[in-house]
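Chemist: Pasting in a structure now, in structure tokens, and then I'll have a few things to ask.
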Amino acid sequence: MKDMIIVGAGTAGLSAAIYAQRAGLNALVLEGNTYGGQIVNTPDIENYPGIAHISGFDFATGLYQQALDLGAKVQYEKVLEVIDEGEIKVVKTAKNEYKTKALILATGLVRRHIGIKNEDKLTGKGISYCATCDGAFFRNKVVAVNGGGNVALEDAQYLADLCEKVYLIHRRNEFRAEQAEIKRIMEKKNVEFVYNSTVTKLNGEDYLQSIEVTDKEGHIRQLDVSALFIAIGQIPLNEVFKNVVDLDAAGYIQADEFGNTNHAGIFAAGDCRVKSLRQLTTAASDGANAATSAYHYLLSLK
Ligand code: NAP
């Protein structure tokens, strides 16, 4: 029996672990991938209060170490099933079966795919979802970024400093990203903006050779690029929890700002829950709130 189980070692999950440990609980964090979540892909964070600039990787590593130093345990096991037996929640992974009375779901989001032919086949061969991970392979080459949010614009800036040229392809003629990001990308001389267009074809057998984009009038243009970085948003992967929490139509966990779901003993934190602002600060805040709610819930059982 564990005091508290947290699913996900991103910013929300690790923040919850810090608050749980400081409340005298022993938190077990289960992570199916690597620690840090999405923020590890961000080259430079400049909107976390109190820290002017830090790389996503350094931020995540600091948070991870802080949780471990406080005594939290992190196990790299993907959660396959949760069974709500009332006061006891059973959490199953491929290797183990854990029991707890307080479960925090902090599973974050995964990158959305375009969903066109060759996308999976060429992933790692010119198709990438992480500019900071793969950008250096395309130094001095011509590349493209797809998307119009913060991630796409940050990726395009990062790549513009490495690559000969970057096409930034967006389905509308206005970016969703914050003004500061828009201003910076507009200053890059080697970025060509391809507005009102979507990526409709990926050409190449072993490696990506070129892409085709189609604009709103149906005109097709071929772009000869060595890589396409896809940054068209993120989606939740909460299917595995749908038996123990309520999901909205888009698959986000229905939970309030304190992390309470309408299932006693199960809490949600971070990007995986229904909310309007998905940022590093709100993920950290969610983790703190969910752990505190879980702590009070455990006290109420005594
Ligand atoms: P996002 O803000 O949801 O933007 C996704 C972009 O992709 C939008 O421009 C959208 O177009 C486009 N798009 C969506 N589906 C598409 C499709 N099927 N085909 C073509 N284009 C499509 O996602 P994000 O940039 O990944 O950012 C995710 C969240 O993380 C945001 O809330 C962002 O603010 C946050 N973030 C925070 C930080 C930080 O705290 N430091 C850093 C980076 C990101 P439309 O605009 O037309 O809808």
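The values are calculated or read from the model by the stated rules, or taken from the named source; none is laboratory data. Every value quoted in this text rests on a predicted model; they were computed, and no experiment measured them. Ideal geometry is used to build each Cβ from the backbone, glycine not excepted, and the neighbour counts take in all protein chains shown. Surface accessibility is based on the protein's heavy atoms, side chains included, excluding ligands, DNA and RNA. Shrake-Rupley method; radii C 1.70, N 1.55, O 1.52, S 1.80 Å.
Chemist: Six or more apart or on different chains, Cβ atoms under 9 Å: show the pairs whose first residue is in segment 86-103 and at positive phi and whose second is crowded, with 19+ Cβ neighbours inside 10 Å and assigned to a loop (DSSP other than H, G, I, E, B).
Modeler: G86/G265
Chemist: State which residue is nearest to N146 (Cα to Cα) when the search covers only segment 107-132 and only residues that are hydrophobic (A, V, I, L, M, F, W, C) and within 15 Å of the ligand (Cβ to nearest atom).
Modeler: Checked segment 107-132; the qualifying residue nearest to N146 (Cα to Cα) is I114.
Chemist: Out of segment 170-187, which residues are among the charged types (D, E, K, R), out of contact with any Ser or Thr (no Cβ under 8 Å at 6 or more places or on another chain) and in a loop (DSSP other than H, G, I, E, B)?
Modeler: Residues satisfying the conditions are R172, E174, R176, E178, E187.
Chemist: OK, next. Answer yes or no as to whether G50 is assigned by TED's automatic domain parsing to the domain that holds G265, within 16 Å of the ligand (Cβ to nearest atom), on the phi > 0 side of the Ramachandran plot and exposed (fewer than 13 other Cβ atoms within 10 Å of the Cβ).
Modeler: yes
This table checks each residue for (1) surrounded by fewer than 21 Cβ atoms within 10 Å (Cβ to Cβ); (2) touching a residue at least 40 places away in the same chain (Cβ under 8 Å); (3) among the polar types (S, T, N, Q); (4) away from the ligand (no atom under 12 Å from the Cβ).
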{"residue": "K141", "(1), (2), (3), (4)": "yes, yes, no, yes"}
{"residue": "F175", "(1), (2), (3), (4)": "no, no, no, no"}
{"residue": "K183", "(1), (2), (3), (4)": "yes, no, no, yes"}
{"residue": "M186", "(1), (2), (3), (4)": "yes, no, no, yes"}
{"residue": "N190", "(1), (2), (3), (4)": "yes, no, yes, yes"}
{"residue": "I230", "(1), (2), (3), (4)": "no, yes, no, no"}
{"residue": "K242", "(1), (2), (3), (4)": "yes, no, no, yes"}
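Chemist: Would you mention how many residues in segment 22-40 are assigned to a loop (DSSP other than H, G, I, E, B) and either open to solvent by 20 Å² or more (accessible area, probe 1.4 Å) or not assigned by TED's automatic domain parsing to the domain that holds K89 (or both)?
Modeler: Selection size over segment 22-40: 9.
Chemist: Same structure again: Somewhere in segment 270-289, is a residue part of a strand (DSSP E or B) and open to solvent by 50 Å² or more (accessible area, probe 1.4 Å)?
Modeler: Among the residues of segment 270-289, not one is part of a strand (DSSP E or B) and open to solvent by 50 Å² or more (accessible area, probe 1.4 Å), which makes the answer no.
Chemist: Can you pull out the residues in segment 53-93 that are of a type outside the set (A, V, I, L, M), open to solvent by 60 Å² or more (accessible area, probe 1.4 Å) and part of a loop (DSSP other than H, G, I, E, B)?
Modeler: Once the filter is applied, which keeps residues that are of a type outside the set (A, V, I, L, M), open to solvent by 60 Å² or more (accessible area, probe 1.4 Å) and part of a loop (DSSP other than H, G, I, E, B), segment 53-93 yields H53, Y76, K78, E85, E87.
Chemist: Please state which of the following conditions C163 fails to meet, knowing it meets all the rest: (1) within 16 Å of the ligand (Cβ to nearest atom); (2) open to solvent by less than 30 Å² (accessible area, probe 1.4 Å).
Modeler: Exception for C163: condition (1).
Chemist: Which one of these is more than 11 Å from the ligand (Cβ to nearest atom), among the aliphatic types (A, V, I, L, M) and touching a Phe, Trp or Tyr at 6+ places or on another chain (Cβ under 6 Å): I104, I83?
Modeler: Criteria check complete, one pass: I104.
Chemist: How about segment 43-67: which of its residues are out of contact with any helix residue (DSSP H, G or I) (no Cβ under 9 Å at 6 or more places or on another chain) and not acidic (D, E)?
Modeler: G50, A52, H53, G62, Q65
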